[in-house]
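A.B. asks: Dumping the structure here so I can ask a few things about it.
Read-outs throughout are calculated quantities, based only on the coordinates presented, and are distinct from any laboratory measurement. For clarity, every value in this text was computed on a predicted model and none was experimentally measured. Every residue, glycine as well, gets a Cβ built from its backbone with ideal geometry; the counts of neighbours run over all protein chains shown.
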Ligand SMILES: Cc1ncc(COP(=O)(O)O)c(C=O)c1O
C-alpha cells in the first residue's frame with residue numbers, strides 16, 4: 001500500500017438489523033418527495049452518458065442562489081468535492097489545516113492526496129482560533145460551518161479574516177448550511193480563494209443518491225471542473241436533484257421541524273443528565289452521564305443508532321444524536337432513560 005495511506009482504517013459501517021438511524025444527520029421526514037415522485041415515473045435511455053459536468057443541475061442551482069452555472073461544480077456527494085479540491089490545489093507534502101473537532105474524513109482526503117494534515121484545536125466555545133489556524137500557512141484550510149460534530153456555526157467575521165489573511169484556498173463546508181442563518185455561498189465572487197461545499201444528503205433528504213456540489217469564483221470552479229472525473233454524477237441522481245431543487249417548500253418544512261424539535265430534544269437530554277452544546281444544525285453534541293460506549297450499544301440493542309464520539313479528543317464521553325420528529329425524540333429519550341436505569 002502507498003505509504004501515505006497505509007494507516008487508513010475503514011470508515012464507519014455499522015451492521016444494521018433494522019435500527020432507527022439517528023446517527024447520520026439525514027432528514028427525519030424521510031425521502032425527498034419530489035425526487036421520489038420523479039424516480040417512480042423514471043423513463044430514461046440507459047445507453048446514453050449523462051451530461052459531462054451535470055449542466056442541468058448546475059443551471060438549477062445557479063437560479064436558486066442567483067449565481068452563474070459556471071460558479072458550480074457538481075459531483076457524487078460533497079465528499080467528491082473535497083477530494084477534487086485537494087486534487088486540484090495541493091502538491092505532495094503540502095500542509096492542509098482543519099479544526100479539531102470537525103468532520104473525520106478531512107484528514108483522510110488530505111492524506112489520500114499526499115497532503116500533510118494539521119489539526120488545530122477550536123477554542124473552549126468550539127469557535128475558530130484564527131491565529132492558530134493561519135500559523136501553519138496552509139495550502140488549503142477547511143472548516144465545516146455548522147461544524148460536525150459540535151453543531152455550532154463559526155463566526156462570519158472569523159471566516160472573513162481567515163479568507164483575507166490566508167494565501168491558500170479556504171473551504172467552508174456547509175453540509176448543514178440549510179439549517180444555519182449565515183452562509184458564505186453568495187460571497188464566492190468576493191473572495192477568489194473561497195470554496196463553499198453543499199450537499200443533497202442532509203436537509204434535501206437524498207443521501208442515497210449521492211449528490212453534492214462546490215461553489216466558487218469562476219476561475220477556481222474552472223480549475224476544479226478540469227480535474228473532476230467527467231460524468232461522476234450519474235444521470236438519475238442529477239435529474240432527481242433538479243426536481244428536489246424546485247421543491248423548496250420541503251426544505252423549508254424540514255428546517256422548521258428542526259428549529260421546533262431541537263430545543264425539545266436538548267431539554268430532554270439535559271433532564272436526563274447530559275451536558276449539551278449549542279447547535280445550529282440538525283444534531284446535538286451531548287456529554288453522556290454514563291459511559292458513552294454503554295449508552296450507544298445499549299441504544300443499539302433497543303433499536304436506535306446514535307453516533308459515538310466518546311473516545312475522540314475534545315468530545316470525550318460525547319454522543320451525537322440527530323434531531324428527530326417529536327415521536328422519534330420521545331422514543332429516543334425513553335430508550336436512553338431505560339439504558340441509564342439499567343446501568
Ligand atoms: C461536515 C460534512 N461534510 C461533508 C459530508 C459528506 O456529505 P456527502 O453525503 O454530500 O458526501 C458530511 C456527511 O456527514 C458532513 O457531515
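A.B. asks: May I ask what percent, to the nearest 5, of DSSP beta bridges between residues of the chain are antiparallel?
C.D. replies: So the antiparallel bridges amount to about 45 percent of the total.
A.B. asks: In addition: Please report, for the Cα atoms of the range 1-125, the Rg to one decimal and the Dmax as a whole number; what are they, in angstrom?
C.D. replies: Spelled out, the Cα radius of gyration and Dmax of the range 1-125 are 19.0, 55 Å.
A.B. asks: If you take the square roots of the eigenvalues of the alpha-carbon gyration tensor of the range 152-252 and sort them as a ≥ b ≥ c, do you get rounded (a/c under 1.5), prolate (a/b over b/c) or oblate?
C.D. replies: oblate
A.B. asks: Could I ask something else about it? Report the calculated FRET efficiency for residue 42 and residue 343 (r = Cβ-Cβ distance, R0 = 51 Å), to the nearest 0.05.
C.D. replies: In this case the efficiency is close to 0.55.
A.B. asks: What ranking, highest mean first, results for peptides 301-310, 118-127 when packing means the other Cβ atoms within 10 Å averaged over each residue?
C.D. replies: 301-310, 118-127
A.B. asks: Can you list, largest first and rounded to whole Å, the semi-axes you get for the range 149-201 by taking the square root of 5 times each eigenvalue of its Cα gyration tensor?
C.D. replies: Numbers: eigenvalues 71, 32, 19 Å².
Square roots of five times the eigenvalues give 19, 13, 10 Å.
A.B. asks: Moving on to the next point. Could you work out the per residue convex hull volume over the alpha carbons of the range 1-62, in cubic angstrom?
C.D. replies: Normalising the Cα hull of the range 1-62 by residue number yields 263 Å³.
A.B. asks: Can you tell me what the convex hull of the Cα atoms of the range 47-100 projects to on average, as an area in nm²?
C.D. replies: So the mean shadow area of the Cα hull is 6.0 nm².
A.B. asks: OK, next. Pop a pseudo-label 7 angstrom from the Cα along the beta-carbon direction at both residue 156 and residue 253 and give the gap in nm to one decimal.
C.D. replies: 3.0 nm
A.B. asks: Right, something else. Separation of the range 20-44 and the range 254-312 by C-alpha centroid, Å?
C.D. replies: 24 Å
A.B. asks: How much mean residue ellipticity at 222 nm does the chain get from its helices, if each DSSP H run of length 4 or more adds -39500 (n - 2.57) and you divide by all residues, to the nearest 500 deg cm²/dmol?
C.D. replies: My calculation for the chain gives -11500 deg cm²/dmol from helical runs alone.
A.B. asks: Continuing with this model, one more query. Which of 328, 67, 46 moves the most in a Gaussian network model of the chain with Cα springs under 10 Å?
C.D. replies: Its mean-square fluctuation being the largest, the pick is 46.
A.B. asks: Of the candidates 116, 253, 202, which one comes out as most mobile in a Gaussian network treatment of the chain with C-alpha springs shorter than 10 Å?
C.D. replies: Top of the fluctuation ranking is 253.
A.B. asks: So what's the gap between the Cα centers of the range 117-153 and the range 64-102, to the nearest angstrom?
C.D. replies: Answer, in whole Å: 16.
A.B. asks: While we're on this one: At 25 °C and 0.890 mPa s, what whole-number value in µm²/s does Stokes-Einstein give for the translational diffusion of the range 62-160, with Rh from the Kirkwood sum over Cα pairs? Mind showing how you got there, number by number?
C.D. replies: Working: Rh = 14.5 Å.
It comes out at roughly 170 µm²/s.
A.B. asks: Restricting to Cα pairs below 8 Å that are 6+ residues apart, what does the relative contact order work out to for the chain? Please round to a whole percent.
C.D. replies: About 23 percent, as a whole number.
A.B. asks: From the Cα gyration tensor of the chain, with a ≥ b ≥ c the square roots of its eigenvalues, which class applies: rounded if a/c is under 1.5, or else prolate if a/b is larger than b/c, or else oblate?
C.D. replies: oblate
A.B. asks: Shifting gears a bit: Across 5 Å bins from the origin, how do the percents of Cα pairs in the range 193-343 run, short distances first?
C.D. replies: Taking all Cα pairs of the range 193-343, the binned fractions are 2, 8, 15, 16, 14, 13, 11, 10, 7, 3, 1, 0 percent.
A.B. asks: Can I ask one more? Extending each Cα 7 Å along its Cβ direction at residue 24 and residue 229, get the distance between those two points in nm, one decimal.
C.D. replies: It works out to 2.0 nm between the two label points.
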